[in-house]
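The values are calculated or read from the model by the stated rules, or taken from the named source; none is laboratory data. Since the model is a prediction, treat every value here as computed from it, not as a measurement. Positions of Cβ are backbone-derived with ideal geometry, glycine not excepted, and every protein chain shown enters the neighbour counts. Side chains are part of the model used for accessible areas, which takes the heavy atoms of the whole protein and leaves out ligands, DNA and RNA. Shrake-Rupley method; radii C 1.70, N 1.55, O 1.52, S 1.80 Å.
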Amino acid sequence: MAETGSLARSSHLKRLETEAIHIMREVAAQFADPVMLYSVGKDSSVLLHLLQKAFYPARPPIPIMHVDTKWKFQEMIRFRDRRARETGVKLIVYTNPEGVQQGINPFTHGATVHTDIMKTQALKQALDKYRFDAAIGGARRDEEKSRAKERIFSFRNAKHRWDPKKQRPELWDLYNTRIHKGESVRVFPLSNWTELDIWLYIYRENIQVPSLYLAAERPVVERDGTLIMVDDERMPLSAGEVPQMRKVRFRTLGCYPLTGAIESEADTLPKVIQEMLVTHTSERQGRVIDHDESASMEKKKQEGYF
Amino acid sequence: MSYLQADDMTQMDQATTAIEAYLQQHETKTLLRLLTCGSVDDGKSTLLGRLLYDTQLLFEDQLATLRGDSQRHGTQDGELDFALLVDGLAAEREQGITIDVAYRFFATEQRKFIVADCPGHEQYTRNMATGASTADLAVVLVDARRGLLTQTRRHTWICGLLGIRHVVLAVNKMDLVDYREDDFRAIAAEYQTLAEQMGIAHVMAIPLSAINGDNVSANSAATAWYDGPSLLEHLENVAVESPASQLGFRMPVQWVCRPDHGFRGYAGQVAAGVVEPGDEVVILPAGVRSHVERIVTADGDRREARQGDAITLTITDERDISRGDIIATTGSPPQVADQFAAHLLWMDDTALLPGRNYWLKIGTRTVTAQITEIKHKLDVNTQERLSAKRLELNEVGYCNLSLDQAIAFDAYQQCRELGAFILIDRQSNATAGAGTLAFALRRADNIHWQHLDVDRDARAHIKGQNPACLWFTGLSGSGKSTIANRVEKRLHALGYHTFLLDGDNVRHGLNRDLGFTAEDRVENIRRVAEVARLMTDAGLIVLVSFISPFRSERQMARQLFDEGAFHEIFVETPLAVCEQRDVKGLYAKARSGDIPNFTGINSPYEAPEAPELHLQTMAMDADALAQQIVDRVLA
Ligand SMILES: Nc1nc2c(ncn2[C@@H]2O[C@H](COP(=O)(O)OP(=O)(O)O)[C@@H](O)[C@H]2O)c(=O)[nH]1
């Protein structure tokens, strides 16, 4: 019989964990059809772990859903399916069928169109199809400026839009979960976590994450100063372009053509954390999609991007 | 393809050792949650940006974006504009103001900080309250040139309302007053008085220039006269831990865990105190008791759990427990009540109206609530208490609160988790108000219970009648029951809703424990009068046919009713006639001594002095008398 978990009870991480568990239980108790959005990355891994803890010894009463753009790293898909089997949590996978029909891809249509159709639109379609009234996501307030202002229980109208000027006041841990038919709430249990907290928690709790987060020799090409991994044969190479093996890792995971790798020697989790402590580049820089104006994330979010 | 798992990394390489050491240090760090507030343009965003910059939490790419943004939107002639770091929403940038609370994170060697950067504009006060509700400490900014403003007072008041006991008064823009000590001292003194009025115990005033970094993370030569700590130094060292809570164990049930028939657990977060397996607990508001069996967590069973822990409890008995119930120590459990005095901050564009129903969420329970009375609202600028019929957006008031069911609670001062509530608009679902419970009102103190949606008038109205009590008094055998019965039949035929309380019948049920002593006769009448009054509240015309021989009891009954709703009907038949009729053979028994205390024989009958109706049964027949009564009641 363990007296406590591996975390010291008074620690900052324990407080964050407790808060997240409280939030997940509120969702299970207050919504009819909640779902947890699972994107296979490190934040999703932490969410899945917390989901299991929150409802132990019961199986989590909330299914997980992955919006698959069909351009994810192959390892992500294998990892996803294995974790679903191991945890026994119900997994829903959704892909925008029209997008597939039209052959939408990041190369011919560009990052913005691809993300909009295969991610933003797909997510809305999935939420409508399954009539989910609450969707748990892994966004954190330290990621980006407009997220720093978002509530933990973030209201969405029937068109999935976020109105930053009309956010509900959110006092104490008394979350207002009342909505009308068709409306929904996005819930962010990791709001108060920083990227470093996520990694330390993964380490402390022994949580599985895809090995893409660790440095390894991988075939990459350089595009506009960003290192892109050639994950399958669909990656078009210009004449004379030859993928090079470089020791790289990823700080975030998404569609492989849109996810920049960083050169790194950190091939173990502690080394990754150590690199983080001395790092001077924030995590979103690896996402090709947010590069332009810093207000872009807010725009995407208003339109329903997670 | 291999998957990463910390387990696999058996090699205790250098990084692992370094991380272990870091983690150890990181874990023992305390956490300080603070908010920054004050009037718009006092320099909050600049100060916070400066703190992030000084603690080196800015990443290179963020700095690059900041440089770009400073050129494009900056107000500092292309110099780094720290405010742009934290003004996140496009709408805010355009207007150059902060409209919503933004959360920021930074850490030093000693502490981790979560900062809620709160908006200054009055119309965003509700957002400020959002940030304040989870903060241990508030940094209130003032502009050294402008001193205390309305928003300074409002924000300080809200900090006080939400129980924040530590405030840093950051007197900013000292560069613009040439770092004059006198200016600083004057503002600090004025604020000290204000904070005391609002019950804020600890104030630390610091002279600053956010733009130049004076006294932000290190003491500045520009204020040589100031010998206190820099802002960061103070934040790192201030002790905000609340004095150890005296409360015993309590936990709101959040979710009932039933994976299979063999297991039934109650999941929640411990709000106060300590619990161990074997402890006796009470489940509130029901009040049933049981014992704690196990404290279950995913990391294994626990030998104890304390405030803040997320756990699942099992108990030794089968009890009907659901979400919203409170499991508490039997030693000093929370009180249970349905009427409260409470402080309230209104946050909705639609005003608060007394008597309107709202959802109230407290702990994990949601009930229906209404404000029965606004005792006063507060002018935050002058601290004046004003009378009010409603609370508008951003107004604060002190109110009486009434719930449709009793709940377990603690005063907010004692326990935030069991004393804080929000009100939700039932049409729009907006979070309309936030409040703190002060104390329970005794029911009798609450003179405004008629704010119930369906009241007596409403019930009478739906029946299309004026409720009334027809009180028939007279000797046994005088004809009360016969006449009352005919009256009821006629009213009924006319479509009125009636009920007849007959003395003999009531003595078989409600009053079967009562005899015929004077005390019992008094109690007999008291009960019947109360029942009759409830029935008129329900909208009925009630006929009471009781001997009711004493004047004082009939008077007592009369006082329970409104003017005009009580009709005393004296049915007068001479004793001799009654005795001669003796329908039930009682007079004979009384005469022979078999019945003690029989009215008229061996117990007195006090005839009414001024009845509404005086019927002499010898003069008219029962039908005619009944008609007389019907005419009078319907008049
Ligand atoms: N001279 C001077 N100006 C300041 C100082 N702090 C802030 N400001 C300026 O005051 C204005 C409002 O600052 P901002 O941080 O946006 O205020 P907020 O509305 O409270 O967030 C900006 O033009 C700042 O550059 C200071 O210490 N000294």
Sole residue being within 16 Å of the ligand (Cβ to nearest atom) and in contact with a Phe, Trp or Tyr (Cβ under 6 Å, 6 or more places away or on another chain), chosen from B:V177, B:V171: B:V171
Residue ranges of strands (runs of 3 or more DSSP E) in segment B:281-392 with at least 2 members open to solvent by less than 40 Å² (accessible area, probe 1.4 Å): B:288-296, B:310-315, B:326-329, B:335-346, B:358-362, B:365-379
Every pair of residues 6+ apart whose Cβ atoms lie under 7 Å, when the first sits in segment B:24-46 and is within 12 Å of chain A (Cβ to nearest Cβ) while the second is near the ligand (Cβ under 6 Å from one of its atoms): B:S45/B:A83; B:S45/B:T98
Selection from segment A:61-75 of residues that are open to solvent by less than 20 Å² (accessible area, probe 1.4 Å) and within 11 Å of another protein chain (Cβ to nearest Cβ): A:F73, A:E75
Qualifying residues in segment B:157-201 (those that are among the polar types (S, T, N, Q) and without any contact (Cβ under 8 Å) to a residue 24 or more places away in the chain) - the one surrounded by the fewest Cβ atoms within 10 Å (Cβ to Cβ): B:T193
Test: residue in segment A:226-233 that is within 14 Å of chain B (Cβ to nearest Cβ), more than 29 Å from A:H49 (Cβ to Cβ) and touching a strand residue (DSSP E or B) at 6+ places or on another chain (Cβ under 9 Å): yes
Qualifying positions in segment B:511-538 - among the acidic types (D, E) and closer than 27 Å to B:L494 by Cβ: B:D537
Matching residues, segment B:243-258, being closer than 18 Å to A:Q30 by Cα and free of Cβ contacts under 8 Å to residues at least 40 places away in the same chain: B:R258
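Quick check on this structure: which one of B:R426, B:R385 is basic (K, R) and in contact (Cβ under 8 Å) with a residue 60 or more places away in the chain?
On the way: B:R385 fails: in contact (Cβ under 8 Å) with a residue 60 or more places away in the chain.
Result: B:R426 is the single residue among B:R426, B:R385 that is basic (K, R) and in contact (Cβ under 8 Å) with a residue 60 or more places away in the chain.
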Subset of segment A:118-164 (residues that are more than 9 Å from chain B (Cβ to nearest Cβ), under 30 Å from B:A107 (Cβ atoms) and among the acidic types (D, E)): A:E143
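Please go through segment A:165-182 and give me each residue that is more than 7 Å from chain B (Cβ to nearest Cβ) and open to solvent by 20 Å² or more (accessible area, probe 1.4 Å), ordered by number. Show your work before the answer.
Residues of segment A:165-182 that are more than 7 Å from chain B (Cβ to nearest Cβ), as a first pass: A:166, A:173, A:175, A:177, A:181-182.
Result: A:K166, A:D173, A:K181, A:G182.
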A:V185, sole failed condition from (1) under 24 Å from the mean Cα position of the chain (by Cα); (2) part of a loop (DSSP other than H, G, I, E, B); (3) within 11 Å of chain B (Cβ to nearest Cβ); (4) within 19 Å of A:Q30 (Cα to Cα): (2)
Segment B:133-146, subset open to solvent by 10 Å² or more (accessible area, probe 1.4 Å) and more than 10 Å from the ligand (Cβ to nearest atom), residue nearest to B:R33 (Cα to Cα): B:D136
Residue in segment A:93-107 that is touching a strand residue (DSSP E or B) at 6+ places or on another chain (Cβ under 7 Å), surrounded by fewer than 16 Cβ atoms within 10 Å (Cβ to Cβ) and at negative phi present: yes
Index of the failed condition, B:S552 passing every other in (1) within 22 Å of B:F598 (Cα to Cα); (2) modelled with pLDDT of 85 or more; (3) of a type in the set (G, A, S): (2)
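Going by what's in this entry, would A:L212 be described as open to solvent by less than 20 Å² (accessible area, probe 1.4 Å), in a helix (DSSP H, G or I) and at pLDDT below 90?
Judged against the criteria, A:L212 is not a match.
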